[in-house]
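The values are calculated or read from the model by the stated rules, or taken from the named source; none is laboratory data. In this text the structure is predicted, and so the values were computed from the model without any measurement. So basically every Cβ, Gly included, is an ideal-geometry build from the backbone, and we count neighbours across all protein chains shown. Heavy atoms of the whole protein, side chains included, go into the accessibility calculation; ligands, DNA and RNA do not. Shrake-Rupley method; radii C 1.70, N 1.55, O 1.52, S 1.80 Å.
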Amino acid sequence: MDKRFGVCGVVLAFALVVPLAYAQTADLVPSATSEVRDLDTVVVTGVQPGPGLWRARRTDGHTLYILGTQSPLPAGMTWKADEVREVLARAGAVLGPPGVQMGADIGLFGRLTLAPSAFRAMRNPDGATLDELLPPDLYQRWASLKQRYVGRDRGMERKRPFIAVYQLYRAALEKNGLAEGGIVGPVIQDALKARGMEVTPTVVSIKVDDPRGALRTFRQETLKPEDLDCVRGTLDIIERDLPRVAARANAWAVGDIAALRAMDDAQAQVMACLSAWTASTTARELGLRDIQVRVGETWLAAVDKAMAEHDTVFASVSVDALLKPDGHLDSLRRRGYTVLAPDEADMVEDGTDPQDDGTP
């Protein structure tokens, strides 16, 4: 996100960030009960290897090394990132993860004057509280889980549903030994700092010409069915699917690619929460149509440019986005790249495609 936009950009881009935080969870069917399932998967700790790197090679020998990232991860693990550090030490370019960046040239004074409006935009219109907005059965589930994982916090009750439920989700992860950040990012940042390099962005950049007007429109957004779908699906995850979330985190930590391939991704829940944003008037006015397609195309264009200029390129992408059908790996194959998975490292790289059977 563009730092020039500050807290205003945080609010406007929030619903694009929220579903990405859910993107490593399980594909869900709405729960018929509000019974909370305790986490029965032991979260790994200590030094762990991670999944290794995918390699995508062009016919000229230039190679893209891809780290499939995962969130959340076990909070108590230390990543043994020797392979990543070795590639980062010689990479000609390091590509940032695909996504969306919003920005506006408003300066420090502009950020300060917009901050109160931005914080108000995180709250429900007209001071409404969640018990007034959510159906009674959904609010009962919310209140029970909030008491369990957060406790007394009246401020959450006034926040927009998709923002409040995301905060609850993060609290549930923390209580169950899972963390959304602080493991992979610092390794990459330290390696770049040591070389005096900057990350090459691969995001779709959207300039907000009238941030004050965008915030005003966003503050007027009312509850939509998509908001309820997002809340309901996220509560399902918290109530009964944290064991599967933990199992996916463990699989990444120990480098079990086969297990990651076998696990369902979270596209249903991702789309539910993404729709809560893209269905809004604010998103339409900002031009956020077909955003997933645009993100994928922008990433591929950045890859092509970096690979034309450098022998070795490093990139990080959500492991779900890599492994899903018609994901980034398939897109690279269609461009003529030979793709080698981390668990195929013992194969001879002789220019042939080791994955003619279509396995990611």
With DNA, RNA and ligands ignored, accessible area of residue 219 (1.4 Å probe; Å², nearest 10): 70 Å²
Quick query: amide H of residue 316 versus all other amide H atoms, modeled in the peptide plane; which residues come in under 5 Å with a sequence gap of 5 or more or a different chain? 67, 95
For residue 100, residues with placed amide H under 5 Å, excluding near neighbours: 204
Sorted by chain and then number, the residues having a modelled amide H within less than 5 Å of the amide H of residue 123, at least 5 places away or on another chain, are 160
Calculated FRET value between residue 333 and residue 150, using beta carbons and R₀ = 41 Å, to 0.05: 0.40
Compare the peptides 330-343, 192-205, 231-244 by average per-residue count of other Cβ atoms within 10 angstrom and give them in order, highest first. 231-244, 330-343, 192-205
Pop out the ³J(HN,Hα) list for the stretch 300-316 in order, Karplus 6.51 cos²θ - 1.76 cosθ + 1.60 with θ = phi - 60°, rounded to Hz; leave Gly and Pro as x. 4, 5, 5, 4, 4, 5, 5, 5, 6, 9, 9, 5, 10, 10, 10, 9, 10
